[in-house]
Amino acid sequence: MDSTRRDFMQHLAVGAAALTGIPTLGNRAWLNPASLAPQQGQWDVTWANRITNQYKTVFDCAEVESGYGVWRLAAWAGQWMDVMKATPAQLSPVLILRHNAIALAMNQAFWDKYEIGKRKNVTHPLTLQPTTKNPALLDEKDGIPEPFSNAGLHKQLQRGVIVLACNLALQDCVELIKSGTGADNDAARKEAIAALVPGVILQPSGVFAAVRAQEAGCSYVKAA
């Protein structure tokens, strides 16, 4: 393990450990991730109205990179609580999954059906061995120990993190479905949207999401 990755994993461990036992972020405990699924034909931009807490940061994730872009958000949250003595109610994190990282927004069934791990040469975030699993969705059942298991995308959605996906990048998934099944564009798009991890909000583009988050007061971080 090189020194850069070792430092990252050490920082992540500190940050993720601080998240243990924290079920929600801020006043968004009432949110049901399934209720935030994108609706075809319209764009949900109301998420920007929820960026109201003191510490606002948007994490722009453009590469799969073993899911580290997702984990970096968890590290930031934990570090702000540890170093800045922030409470969960003071945090407003936003995660954008765009470009190649759109794969991280897709559920495991999609990964299995279209062999995403093999297509993108995905590696496990801890062992660095090839994996067929979406690394952003790994947790205890996959052998990911605490505190790293707290950083999973689904765990962060449950805590109220705003997760946005790029519609332009989603078209890559649509084309993959079309080539793999022979479906027409409408049917393939419907399948792709249904395969998004529950709670992920589809946006016109990742750039749109990044600009809108910054207009709402977020600092910008290039996460992957």
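The values are calculated or read from the model by the stated rules, or taken from the named source; none is laboratory data. Bear in mind that the values here come from a model prediction, so they are computed numbers and not experimental data. Heads up, the Cβs are rebuilt from the backbone with ideal geometry, glycines too, and the neighbour counts pull from every protein chain shown.
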Q) With respect to LYS133, is the statement that it is surrounded by fewer than 19 Cβ atoms within 10 Å (Cβ to Cβ) and more than 15 Å from the chain's Cα centre (by Cα) true? A) no
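This table checks each residue for (1) hydroxyl-bearing (Ser, Thr, Tyr); (2) closer than 18 Å to PRO147 by Cα; (3) touching a Phe, Trp or Tyr at 6+ places or on another chain (Cβ under 7 Å).
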| residue | (1), (2), (3) |
| --- | --- |
| LYS56 | no, no, no |
| GLY67 | no, yes, no |
| ILE102 | no, no, no |
| TYR114 | yes, no, no |
| PRO125 | no, yes, yes |
| PRO130 | no, no, no |
Q. Just a yes or no: is a residue in region 203-213 in a loop (DSSP other than H, G, I, E, B) and farther than 16 Å from ARG98 by Cα?
A. no
Q. Right, THR181: polar (S, T, N, Q), at pLDDT 95 or above and over 18 Å from CYS61 (Cα atoms) or not?
A. yes
Q. Can you name the number of the only condition in (1) surrounded by 22 or more Cβ atoms within 10 Å (Cβ to Cβ); (2) farther than 27 Å from PHE208 by Cα that TYR114 fails?
A. (1)
Q: Determine whether THR52 is at pLDDT 95 or above, more than 15 Å from ALA224 (Cα to Cα), part of a loop (DSSP other than H, G, I, E, B) and of a type in the set (S, T, N, Q).
A: yes
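Taking the conditions exactly as written (farther than 26 Å from PHE59 by Cβ and small (Gly, Ala, Ser)), does ALA223 satisfy them or not? Walk me through it before giving the result.
Working: farther than 26 Å from PHE59 by Cβ: no; small (Gly, Ala, Ser): yes.
No: the conditions fail for ALA223.
Does LEU128 fit the bill of being within 14 Å of VAL64 (Cβ to Cβ) and either over 17 Å from the mean Cα position of the chain (by Cα) or at pLDDT below 95 (or both)? It would help to see each step written out before you state the result.
Working: within 14 Å of VAL64 (Cβ to Cβ): yes; either over 17 Å from the mean Cα position of the chain (by Cα) or at pLDDT below 95 (or both): yes.
In short, yes.
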Q: For region 69-77, state whether one or more residues are of a type outside the set (S, T, N, Q) and farther than 24 Å from ALA210 by Cβ.
A: no
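Restrict the check to region 163-178 and report whether at least one residue is of a type in the set (S, T, N, Q) and over 20 Å from ALA210 (Cα atoms). Talk me through it step by step, then tell me what you get.
In the first step, residues of region 163-178 are kept if they are of a type in the set (S, T, N, Q); the result is 167, 171.
Among the residues that remain, those that are also over 20 Å from ALA210 (Cα atoms) are: none.
For region 163-178, residues of a type in the set (S, T, N, Q) and over 20 Å from ALA210 (Cα atoms): absent.
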Q | region 143-194, subset surrounded by fewer than 15 Cβ atoms within 10 Å (Cβ to Cβ) and either among the aliphatic types (A, V, I, L, M) or under 17 Å from the mean Cα position of the chain (by Cα) (or both), residue nearest to HIS99 (Cα to Cα) | A | ALA194
